[in-house]
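The values are calculated or read from the model by the stated rules, or taken from the named source; none is laboratory data. Since this is a predicted model, take the numbers as computed values, not measurements. Here the Cβ positions follow ideal geometry from the backbone for every residue, glycine too, while neighbour counts run over all protein chains shown. Side chains included, ligands, DNA and RNA excluded: accessible areas come from the protein's heavy atoms. Shrake-Rupley method; radii C 1.70, N 1.55, O 1.52, S 1.80 Å.
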Amino acid sequence: MSDDLFAPPPEPTDADKARVAHLRAEIERHNALYYDRAAPEVSDREYDALVAELEALEGRFPALAAPDSPTRRPGGGLQEGFASVAHAVPMLSIQNTYNADELREWDARNRRGLGLEPDTPIEYVVEVKIDGVAVSLRYEQGRFVLGATRGDGTRGDDITQNLHTIARIPRTIAVPAGARVLEVRGEVYYPRQAFERMNAAREVAGQKTFANPRNAAAGTLKLLDTRIVAERPLDIFVYAAGESDYPLPPTHFGFLAWLEALGFPANPERQLCASIDEVIAATEVWEQRRHTLGYDTDGLVVKVNRRDWQAELGATSKAPRALVAYKFSAGQAQSRLLSVEWNVGRTGAVTPVAIMEPVRLAGTTVERATLHNLDELEFLGARLGDALIVEKGGEIIPKVVRVVDSLRTGAEQPVDVPRACPSCGAQLERKPLDADELARRARELARREQANDLDDRTRFRLTRTHEPFLLCVNAACPAQALERIEHYAARRAMDIDGLGPERIALLADAGLVRSIGDLYDLREEQLLELPGFQEKSARNLVEAIDDSKTRPLARFLFGLGIRHVGESSARDLARAFGTLDSFLSATEEQLLAVEGIGETVAASITDFLAHEENRALLARLREHGVEPAPDETAALREAHRDPAFDGRTFVLTGELEAMTRDAAKAEIEKRGGKVTGSVSKKTNVLVAGANAGSKLAKATELGVETWDEEAFLRALGR
Ligand code: IVH
C-alpha cells in the first residue's frame, strides 16, 4: 500500500461538482424514462457509461458521495448487481391477434399445420393474459434453485432472492422417480389495490410514483434490497413449462391442474373451449369482464390444448405457433355528462372538458374527458345528462367519442358556452377564418366528395367559418400563465420532479410564482410555509428546479411553449442549431432551412421572439443560470459517420434476428443514413431479413442494392 492512503482526499473543483450534479440528474431522468415510462432514450451501454463516470467521480472525491446518489439506490445502474443466467429453453414471446377474424385465420393455419380436415375442430384453452413480468422458476431435485427474468429471451437476470419473497412460489415440490429438473414459467404481478395503496403512500412521502402495476412489479423485481421487495405484495400465476424431464400431462388444461397439484398457483380463470367459436364467444365475455379482476390484464392467451399438437406446430424464431394473444380493444366505456368545465390553455384557447359520472376505463377510473373544442362539442351535440361513450386511445386523456342518442329522455339540458374567460373574465373571441383558409377548406371538401372519402365529422369540420377555439386574448391571464408553467415543468419538457399542477396552483395562490422565471427564485424557507411541504420535500423541489437548468436544449425549446413548436419540432431545432445562442440569433430564413420546420412554425417562432416579454423571460432565465445542454447529436453524428451509410437511403424489410427494427433504424441513422418506409428509385439499400416479400421484389426490379442480415451486420462492424 502506498502513502497515498494517508494523504487527504483530493478536493473536487466546481467543474467536478457540476459534472456530478449533471450526471445524477441525467441518470435519474433516464431511470424515470426506463422504469416509470418504459420509454428509454439511450441504450443500456450509454446509460452504463453515465453510471460508471459518476461512480468514478464519487470514488475519487469522497466529499461528493451522497447517500441518495443514484449509484447507491436501487433502480439506478444496479442491474449489474444481478448475475446473468442462460435459459435452458428460450423464453419466447407470443403473436398477437386483435379480432375474431384473426383468431379464425390462426385456427385455420393450425389445422393446415396439423394436416387436419378443414372442419375438424381443435380444442383450445383460454387464459387471462396478465400484464406483469415474465419469470422462469427452476427446480432441481425438487428444490427451487433459480428464478430469472425473461431478459432478451435467451439470457435473463438471476432474481432468485427477490422471488423468494413471494409466498405462493413453492420452495420444494415433489419429484417423480427418474426426474431431476422442472422449469415453470409464469407472470409476476402487482395486485391492483396494493399497487394503489403503495403509490398513494409514495406520493405522500414525496417519492416518485409508478405509472402502472406492471412497471411497479418490474421495478420491484429489479431492487437489490430484498427487504424492500419483501414489503411489496407481489404475486404470481404460472402457465407454462421450460426445461423439464418430468412426465407431463398430455393436455395443457391437464397441465395447469397438475401444476396446482404440485403446489403452484395457476390462474383459476381458465376455460377449455371445444372450438374456435367457443374461444371467440369467450373473448366477447372477457371484453366486459376484464375490469373485474384484481390485477391488470391486456388480453387473453389462447393455446392449443393437446401438447403433442403444440410440439408438432413448433415455433418461429420469435413465438410458438400453438399460442396467440388476443388483445382487448382500445378501452371504451359509457358514462353520463354532469357538467362542462372550460379550461384555459397556455396559448389562450378555451376548451371544453366533460365532467362525468366516474367510470372504469382501461384499468383506471375516469371522470373527465376532453371534448376538444367548440366545434367538436357542437358536432357531438352533447347535452347535460346525456349518456356518453368515452374512449382511451393512445393518449393519456380519454376523449368523448359520441352521444348515445337512443338513451335520451328529453330532460337533457343544453351546455352553456361562456362569453368571458373563466379565469380572468376577459371577453372571449372566436376568430373568423381568413379567405385563404376558407378557400382551402372548400377545395378539400370538393376533393373528398369526389373521392367519396367524407365522413360526417370531416364534413362538419370543413364547413365551419370560424376557428374551432374560443380565445382569451389577455396576455396577462393568470390561467394561461399557470398552464405555461405546467407545460414547462412537465415530464416531456423540463421534467421538474415534484412540480405538478397542484403544486403549481399552490405556489401561484401563495403569490410566489407568476411565470416560469419565478421558479428559479423559489427558496426552501418559502416552501416550508406552504401546506404539504416538509424539509425534505422543500429541498427536493428546489433541487429539482435547479437541476432543470441544464436540461437538453430540445426539452427547453419545447418547454417554452412556443405555439406550433411540439416535441418533434423542438428536437429538429435543437439538432440544427446545437446551442440556445445560435437558435436565438437564427433568422426566419435559417429556421425555414431546418428539415421538418415549415412556414407556420418558423413564423410562430419569429413572432414569439419578437415579443418583448418573451425576450425578457429568456434573459431572466439565463441570468438565473438556465443554460440548456447543447444538442450533442450533431457532434455525435460527425463522430459516427460511416461511408457505407452516410447520406444513403435505406429501407428495412422482413424479420431481423439480431435486433428490432427500431434498433436497426437507430444504427443506420447514427452512421449518417436515412431510413424510409417504401422502396423507390431513391432507395440506395434494401436490408432484407427473413421472409421478405414485396419490397424485396420491388428492389430487385429496380436494381436496388440488397443486403441480407449478415451483410447488414458486417457493415455495422458486428
Ligand atoms: S404463455 C411463449 N400465458 O405475455 C410464451 N403468457 O405478450 C408463453 N403472459 O411473454 C407464454 N399471461 O410473459 C402465457 N396466461 C399467459 C400469460 C402470458 C401473460 C405474458 C408472457 C409472454 C407475454 C407475451
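Structure above, values below:
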| quantity | calculated |
| --- | --- |
| Search result, residues across the stretch 217-239 that are touching a Leu at 6+ places or on another chain (Cβ under 9 Å) and of a type outside the set (Phe, Trp, Tyr) | Ala217, Thr220, Leu221, Lys222, Leu223, Leu224, Val229, Arg232, Leu234, Ile236, Val238 |
| Helices (runs of 4 or more DSSP H) (entirely within the stretch 219-317) containing at least 1 residues that are closer than 15 Å to Ile130 by Cβ | 252-262, 276-289 |
| When residues of the stretch 140-158 are limited to those that are free of Cβ contacts under 8 Å to residues at least 60 places away in the same chain, out of contact with any helix residue (DSSP H, G or I) (no Cβ under 9 Å at 6 or more places or on another chain) and part of a strand (DSSP E or B), the one farthest from Thr226 (Cα to Cα) | Glu140 |
| Qualifying residue in the stretch 183-199 (condition: open to solvent by less than 10 Å² (accessible area, probe 1.4 Å), in contact (Cβ under 8 Å) with a residue 12 or more places away in the chain and assigned to a loop (DSSP other than H, G, I, E, B)) | yes |
| Residue tally, condition away from the ligand (no atom under 13 Å from the Cβ) and under 30 Å from Phe195 (Cβ atoms), over the stretch 291-314 | 3 |
| Boolean, Leu248 is more than 14 Å from the ligand (Cβ to nearest atom), touching a residue at least 60 places away in the same chain (Cβ under 8 Å) and of a type in the set (A, V, I, L, M) | no |
| Unique match (being open to solvent by 50 Å² or more (accessible area, probe 1.4 Å), part of a helix (DSSP H, G or I) and not basic (Lys, Arg)) among Leu377, Leu438, Leu445 | Leu438 |
| Close pairs from the stretch 694-718: first in a strand (DSSP E or B), partner of a type in the set (Lys, Arg), Cβ under 8 Å, at least 6 apart | none |
| Which listed residue is modelled with pLDDT of 90 or more, basic (Lys, Arg), open to solvent by less than 30 Å² (accessible area, probe 1.4 Å) and at negative phi, from Arg555, Arg620 | Arg555 |
| From the options Glu599, Glu632, residue that is within 21 Å of Glu567 (Cα to Cα), open to solvent by 50 Å² or more (accessible area, probe 1.4 Å), at pLDDT below 90 and within 29 Å of the chain's Cα centre (by Cα) | Glu632 |
| Answer from Ala83, Ala63, Ala38 - the residue that is open to solvent by 50 Å² or more (accessible area, probe 1.4 Å), at pLDDT below 70 and of a type in the set (A, V, I, L, M, F, W, C) | Ala38 |
| Checking Gln334 against (1) touching a residue at least 60 places away in the same chain (Cβ under 8 Å); (2) crowded, with 17+ Cβ neighbours inside 10 Å, the condition it does not meet | (2) |
| Residues (in contact with a helix residue (DSSP H, G or I) (Cβ under 6 Å, 6 or more places away or on another chain) and of a type outside the set (A, V, I, L, M)) located in the stretch 110-136 | Gly113, Tyr124, Asp131, Gly132 |
| From the options Gly153, Gly142, residue that is within 16 Å of the ligand (Cβ to nearest atom), on the phi > 0 side of the Ramachandran plot and either surrounded by fewer than 18 Cβ atoms within 10 Å (Cβ to Cβ) or not charged (D, E, K, R) (or both) | Gly153 |
| Residue identified as of a type in the set (Lys, Arg) and in contact (Cβ under 8 Å) with a residue 24 or more places away in the chain among Arg368, Arg443 | Arg368 |
| Scan of the stretch 80-115 for residues that are in a loop (DSSP other than H, G, I, E, B) and more than 15 Å from the ligand (Cβ to nearest atom), ordered by number | Phe82, Ala83, Asn99, Gly115 |
| The stretch 116-139: number of residues that are touching a residue at least 60 places away in the same chain (Cβ under 8 Å), away from the ligand (no atom under 16 Å from the Cβ) and open to solvent by 40 Å² or more (accessible area, probe 1.4 Å) | 2 |
| Number of the condition not met by Ala319 [criteria: (1) farther than 29 Å from Asp405 by Cβ; (2) of a type in the set (A, V, I, L, M); (3) surrounded by 16 or more Cβ atoms within 10 Å (Cβ to Cβ); (4) under 28 Å from the mean Cα position of the chain (by Cα)] | (3) |
| Of residues in the stretch 165-182 being touching a residue at least 40 places away in the same chain (Cβ under 8 Å) and open to solvent by 70 Å² or more (accessible area, probe 1.4 Å), the one nearest to the ligand (Cβ to nearest atom) | Arg168 |
| Failed item, numbered, when Gly385 is tested on (1) surrounded by 13 or more Cβ atoms within 10 Å (Cβ to Cβ); (2) at pLDDT below 95; (3) on the phi > 0 side of the Ramachandran plot; (4) over 26 Å from the mean Cα position of the chain (by Cα) | (2) |
| Filter result (in contact (Cβ under 8 Å) with a residue 40 or more places away in the chain and either within 14 Å of the ligand (Cβ to nearest atom) or of a type in the set (Asp, Glu) (or both)) within the stretch 251-263 | His252, Phe253, Phe255, Leu256, Leu259 |
| Scope the stretch 318-346; condition under 30 Å from Gly689 (Cβ atoms), in contact with a helix residue (DSSP H, G or I) (Cβ under 6 Å, 6 or more places away or on another chain) and not in a loop (DSSP other than H, G, I, E, B); matching residues | Val324, Tyr326 |
| Hits in the stretch 278-300 - residues which are open to solvent by less than 70 Å² (accessible area, probe 1.4 Å) and more than 24 Å from Leu163 (Cα to Cα) | Val279, Ile280, Ala281, Ala282, Thr283, Trp286, Glu287, Arg290, His291, Gly299, Leu300 |
| The stretch 229-277, residues that are open to solvent by less than 50 Å² (accessible area, probe 1.4 Å) and out of contact with any strand residue (DSSP E or B) (no Cβ under 9 Å at 6 or more places or on another chain) | Val229, Arg232, Pro249, Gly254 |
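Table: residues versus (1) within 13 Å of the ligand (Cβ to nearest atom); (2) among the hydroxyl-bearing types (Ser, Thr, Tyr); (3) within 27 Å of the chain's Cα centre (by Cα); (4) closer than 22 Å to Lys399 by Cα.
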{"residue": "Pro265", "(1), (2), (3), (4)": "yes, no, no, no"}
{"residue": "Glu269", "(1), (2), (3), (4)": "yes, no, no, no"}
{"residue": "Ser275", "(1), (2), (3), (4)": "no, yes, no, no"}
{"residue": "Leu323", "(1), (2), (3), (4)": "yes, no, yes, no"}
{"residue": "Gln332", "(1), (2), (3), (4)": "no, no, yes, yes"}
{"residue": "Val350", "(1), (2), (3), (4)": "no, no, no, yes"}
